[in-house]
Structures are given as C-alpha cells and as structure tokens.
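Notes follow the structure.
The values are calculated or read from the model by the stated rules, or taken from the named source; none is laboratory data. Because the structure is a prediction, the values reported are computed rather than measured. When we count neighbours, we look across all protein chains shown, and the Cβ atoms used for this are built from the backbone with ideal geometry, even at glycine. All accessible areas refer to the heavy atoms of the entire protein, side chains included, with ligands and DNA or RNA removed. Shrake-Rupley method; radii C 1.70, N 1.55, O 1.52, S 1.80 Å.
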Amino acid sequence: QVQLVESGGGLVQAGGSLRLSCAASGRTFSGRVMSWFRQARGKEREFVAAILWSGGSTYYLDSVKGRFTISADSAKNTVYLQMNSLKPEDTAVYYCAARRMGITTLAHEYEYWGQGTQVTVSS
C-alpha cells in the first residue's frame, strides 16, 4: 500500500507561482511513476505531469509545458510540482497519483491517490 499526502496549494494572482509537494510513504516500487492530475469544477480529471522515479523521465500536458516543472527527491520520497506563470485556467484541485510502472495520462490506470490540494488563481 502507498500513501500520498499533498500540500502547497493556495490562492495566488495570475502570473504568480506555487510549489506543490506530494509525500509518499508505505510500499514503494523502483519503477514507479508519480504524476499530478487536476480537476476543475464541473470538469473531468486531467493529467498534468508525470515523472518516472527511476531515471527521472518527465512528461507534461502541452498547456503547462514551459510553466510547470515536476521533480522528485528520492531521499525525502517526495514529488514536487513547481508552477510558474499561473493562469486563472489553472484553477483546480490538484491530485498526486502513483502507479507501479509505465507513464500514462489516464487517471483510471493509477492505483494510488492523494486527497488533493486546492489551487486558485485570481485574475
């Protein structure tokens, strides 16, 4: 079993920055993938970014490329999402997710989820 706890959300003005953290505990898998998803009110959950724990390969939603950066600290077993140049359309609940192996953008293929953290970007 894997437990994920997100933190770092909040209210920020457009153009501002936030850094989300996802602390993982419990059973780990060397080939695991850690990802961030987001869900805006009334919309489906959307893939944002992913990182392969072994090797550090990353993958991003096109609309966040160049603005968001996903990274991992193996010593802390924590994944981060640095969000810069935030836009009102980035407003959503952001979720951390994990799966044993293989990067995918499909939410239903992730086995473990955090509780989510709200990010609100004002115009």
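Quick notes on this structure:
- Area projected by the alpha carbon convex hull of the chain, averaged over all directions, nm²: 6.8
- Accessible area per residue in Å² at 1.4 Å probe, computed on the chain: 52
- Cut-off 18 Å, label 7 Å out along Cα→Cβ of residue 3, residues of the stretch 13-32 by amide N: 21-29
- Fraction of alpha-carbon pairs over 14 Å apart in the stretch 67-123 - percent: 65
- By accessible area with a 1.4 Å probe, ligands and nucleic acids excluded, highest first: order of 73, 90, 62: 62, 73, 90
- By accessible area, using a 1.4 Å probe on protein heavy atoms only, the chain has 47% of its surface on carbon and sulfur.
- The chain: relative contact order in percent, alpha carbon pairs under 8 Å with at least 6 residues between: 36
- Partners of residue 87 within straight-line reach, counting lysines whose Cα lies under 22 Å from its Cα and excluding those fewer than 8 residues away in the same chain: 43, 65.
- A probe of 1.4 angstrom, applied to the heavy atoms of all protein chains, finds residue 91 with accessible area near 40 square angstrom.
- Ordered by solvent-accessible area of protein heavy atoms (1.4 Å probe), largest first, the residues 94, 59, 80 come out as 59, 80, 94.
- Overall Cα dimensions of the stretch 21-70, principal axis frame, Å, largest first: 34, 24, 16
- Contour excess over end-to-end distance, with Cα ends at residue 44 and residue 25 and 0.36 nm allotted per residue: 4.1 nm
- Among 80, 14, 61 the positive-end extreme of the charge dipole of the chain (Cβ point charges): 80
- Annotation: extensible slack from residue 113 through residue 87 equals 6.9 nm (criterion: 0.36 nm per residue apart, minus Cα-Cα distance).
- Residues residue 17 and residue 103, FRET efficiency given R0 of 25 Å [Cβ-Cβ distance, rounded to 0.05]: 0.50
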